[in-house]
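The values are calculated or read from the model by the stated rules, or taken from the named source; none is laboratory data. Worth saying up front: this structure is predicted, and the values here are computed from it rather than measured. Backbone-built Cβ (ideal geometry, glycine too); neighbour counts: all protein chains shown. In case anyone asks, the SASA skips ligands and DNA or RNA and just uses the protein heavy atoms, side chains included. Shrake-Rupley method; radii C 1.70, N 1.55, O 1.52, S 1.80 Å.
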Amino acid sequence: MVKSSITGYPVIGENREWKRALEAFWANKISEEELLQTTKEIRLANLKKQQQAGVDHITVGDFTLYDRVLDTSAMFGIIPGRYNWQGGQVSTSTYFSMARGSDEAVASEMTKWFNTNYHYIVPEYEGQRFQLTENKPLVAYREAKQELGIEGKPVLLGPYTLLKLSKGYEEKDVPSLILQLLPLYQKVLQELQDEGVQWVQIDEPILCTSITSDEMKTVTEIYSQLTKELNSLNILLQTYFDSVEHYEETVALPVAGIGLDFVHGVEKNIEHLKKYSFPEEKVLAAGIIDGRNIWRSDLHAKLEVLESIQQQVKQDKLWIQPSCSLLHVPVTIKSEQKLDGVILHALAFADEKVKEIKTLQAILTQGKESVSKELKESEIALAAFNALPARKRPDVREATSGSILSDSKRNSPFAERKVAQQEKFQLPLLPTTTIGSFPQTPEVRATRNKWRKGEITDKQYNDFVRAEIKEWIDIQENLGLDVLVHGEFERTDMVEYFGEKLEGFVFTEKAWVQSYGSRCVKPPIIFGDVAFTTAMTVEESVYAKSLTNHEVKGMLTGPVTILNWSFVRDDLSREAVTNQIALALRKEIEALEAAGIHMIQVDEPALREGLPLKKSEWKHYLDWAVNAFRVSTASVKDTTQIHTHMCYCDFNHFIEAISALDADVISIETSRSHGDLVESFNNYHYDKGIGLGVYDIHSPRVPAVEEMTEIIDKGLEVLDPSQFWINPDCGLKTRKREETVAALKNMVTATEIARERLRMVVK
Ligand code: GLN
Ligand code: ZN
């Protein structure tokens, strides 16, 4: 019989109870005991929902108090010395110090989980001896069994992925690290087997990246070692986010089941399945329902994929499951009261996806008739959704099919624009600027909330925003900055703001997903064709400009970032949707230019994270992503200066694509990774304007002048003074006013020192 399985479930709860508990604990409002009690209740409620839905293989052990990779580090004692851990079970306070830092020790680095917007804590190897501090999967298994009678499938992060995501070692250390880790994994598995566990899920998403044949050999060795002593325990080796790179070797691993992604890697995985078949004795856990997006599935299309799979896999060896953990989608559509009904019924969050899996299972085991009601409901919902005129607007379709998408070149090459722009703007050497936002004080947020609730009028709100703009224009002038910004006081979020003004977007009330730690995001949903209606940023920029003789940079979020930070319709390619956004932004940029704003910054901090897992697919992505940016910015005059901004982005891998954006100036976060960056400029001649962030804005600390002059000097070793801009790393919206003013004051002083030195050299 075909079985149903869930790969992982969101921790946060229907009303983000999890976030609230954590934050109350951090604020010393509840005790550790209360925290553990509340989170246990949330955990059990999550499991119970899956149990009641009738899922055969429920994952246990995926619940976390912060991050699952951090849980693994804690379990194996991969704990840096600075946390002063003395061995044994890791206390909650040590755990949270690693996640968030403490007075004694800075937090561990955090980075994006593959190509998702979930962030994990990077395991840091420092030569420490690993040790098993606690068999967490076993604890989770026992709890689910005792409390709810669930025969759970404990999950753990696989050794190879763990290793690949860790830092602090060199390639030559890999064999000894594996030797250290393996006995600990073996012990965990042995104990699970002794307990009578039937299935354990080991996640190895790294197998979906471009790993080499040699690396795959290592994986094979690891798994033969790992399974040597096991007999009754079945291992499900779980992959996701793409097709596996080495299909034959992967399915030959000595495990009882393989989990493959039939959403994000569907073509390749199906192709390989047909070409090389699938080992008869193994279970195939087919990730058939999209675990990364929020749309209701077209069940008939899913059945077609399942049919191809069934040609290779017998009924009793097939599991149906989501393509990855459901942690990447919100919990339930039940909480949405305000969405348009047609759109609402086209959505499926975690709970609804669980139901879809059960429906597909029922079709395969009992026939379509057994779930005719569910099937009908699904068909009707999707038909109504697809018939929405907003999903297929002739004006948008015509525009995006036309030649305008190849109109992605500025009138003149950069070298000529540079001269024209310098003549127009007359900027000093090493111009100073900021990235866009200024502090979003509690007052700014409270006023916006009042306005949203209708407690103050539009006029009152606008007046308030204007007063903030005026105040900060004055501050910037007093500081002596060269290029000013209006401060983004009218925006909560750089994507939401544009989504609310463009057509084709909807917003939910409670569709939160975990981004990092307790921080959740509520991405906009792009459900229809994206179109420009009215100017979005012109009024604020023009007002700011009217207050000063300096240039004021207009400030927009770029097409690729809007795409990557939204839930996107899946009936069009991501490229097509991005092009629609690009054309809408092009109109905004033209409106800004016409209104006299002649420096315009188009932020693309999320360009990096859209990169596919496989290197072979990078070029295609970068080609269309870069083109979309250029389409949005290409129509301006030579004398209009286009800026862009990115947060740290692996410059080394990327520098050609960044240069291809053809932005006149880029500002980039670098203060925490300066060495790398300077190196990439040694290897690549970057000719356009560039501002290397001279201080880290993520900390309230006010950096000293000397620290910044040092960073400027280092940058000037590899870049020409005539292309060099001075700015902080990123926007300043999370900082306090005093810190911001003090830090910028030092930045301006550091710039003056650097200018003075340059003048001496010229003399
Ligand atoms: N302009 C934005 C700001 O200053 C950029 C934010 C970002 O890079 N994430 O807030
Ligand atoms: Zn940034």
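What the table below lists for this structure:
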quantity	calculated
All positions within region 725-756 that are open to solvent by 30 Å² or more (accessible area, probe 1.4 Å), more than 20 Å from Gly689 (Cβ to Cβ) and either in contact (Cβ under 8 Å) with a residue 40 or more places away in the chain or within 16 Å of ligand 2 (Cβ to nearest atom) (or both)	Lys733, Thr734, Arg735, Lys736, Arg737, Val741, Ala742, Lys745, Asn746, Thr749, Ile753
Out of Ile435, Ile469, sole residue that is more than 30 Å from the chain's Cα centre (by Cα), closer than 26 Å to His643 by Cβ, within 16 Å of ligand 1 (Cβ to nearest atom) and among the β-branched types (Val, Ile, Thr)	Ile469
Test: residue in region 525-546 that is crowded, with 17+ Cβ neighbours inside 10 Å, touching a residue at least 40 places away in the same chain (Cβ under 8 Å) and within 16 Å of ligand 2 (Cβ to nearest atom)	no
Of all residues making up region 496-509, the number that are among the β-branched types (Val, Ile, Thr) and either buried (at least 22 other Cβ atoms within 10 Å of the Cβ) or in contact with a Ser or Thr (Cβ under 6 Å, 6 or more places away or on another chain) (or both)	1
Residue count, region 687-725 (criterion: within 28 Å of Gly101 (Cβ to Cβ) and either within 16 Å of ligand 1 (Cβ to nearest atom) or not acidic (Asp, Glu) (or both))	21
Matching entry among Thr644, Thr670 (being within 16 Å of ligand 1 (Cβ to nearest atom), open to solvent by less than 10 Å² (accessible area, probe 1.4 Å), part of a loop (DSSP other than H, G, I, E, B) and within 22 Å of Val485 (Cα to Cα))	Thr670
Cβ pairs under 8 Å, 6+ apart, first in region 323-352 and within 17 Å of Asp570 (Cα to Cα), second among the hydrophobic types (A, V, I, L, M, F, W, C) and surrounded by fewer than 17 Cβ atoms within 10 Å (Cβ to Cβ)	Val342/Ala384; Val342/Leu388; Ile343/Leu388; His345/Ala384; Ala346/Ala384
Tally, over region 347-370, of residues that are open to solvent by less than 30 Å² (accessible area, probe 1.4 Å), out of contact with any helix residue (DSSP H, G or I) (no Cβ under 9 Å at 6 or more places or on another chain) and either more than 14 Å from His300 (Cα to Cα) or of a type in the set (Asp, Glu) (or both)	0
Test: residue in region 612-629 that is open to solvent by less than 10 Å² (accessible area, probe 1.4 Å), within 16 Å of ligand 2 (Cβ to nearest atom) and modelled with pLDDT of 95 or more	yes
Residue that is farthest from Ile288 (Cα to Cα), among those in region 321-349 that are in a loop (DSSP other than H, G, I, E, B) and among the polar types (S, T, N, Q)	Gln337
Residue match in region 125-136 (condition: at pLDDT 95 or above, open to solvent by 10 Å² or more (accessible area, probe 1.4 Å) and assigned to a helix (DSSP H, G or I))	yes
Options Gly77, Gly127, Gly152; residue that is touching a strand residue (DSSP E or B) at 6+ places or on another chain (Cβ under 9 Å) and of a type in the set (Gly, Ala, Ser)	Gly152
Criterion violated by Lys275 - all others in (1) assigned to a helix (DSSP H, G or I); (2) touching a Phe, Trp or Tyr at 6+ places or on another chain (Cβ under 9 Å); (3) open to solvent by less than 10 Å² (accessible area, probe 1.4 Å) satisfied	(3)
Which numbered condition Val636 fails, given (1) buried (at least 23 other Cβ atoms within 10 Å of the Cβ); (2) at pLDDT 95 or above; (3) touching a helix residue (DSSP H, G or I) at 6+ places or on another chain (Cβ under 7 Å)	(1)
Filter result (among the acidic types (Asp, Glu) and free of Cβ contacts under 8 Å to residues at least 60 places away in the same chain) within region 483-497	Glu490, Asp493, Glu496
Test for Glu191: is it outside any helix (DSSP H, G or I), in contact with a helix residue (DSSP H, G or I) (Cβ under 8 Å, 6 or more places away or on another chain), open to solvent by 30 Å² or more (accessible area, probe 1.4 Å) and under 28 Å from Ile58 (Cβ atoms)	no
Unique match (being touching a residue at least 12 places away in the same chain (Cβ under 8 Å), within 16 Å of ligand 2 (Cβ to nearest atom) and in a helix (DSSP H, G or I)) among Phe681, Phe654	Phe654
Residue check, Gly88 surrounded by 20 or more Cβ atoms within 10 Å (Cβ to Cβ) and at positive phi	no
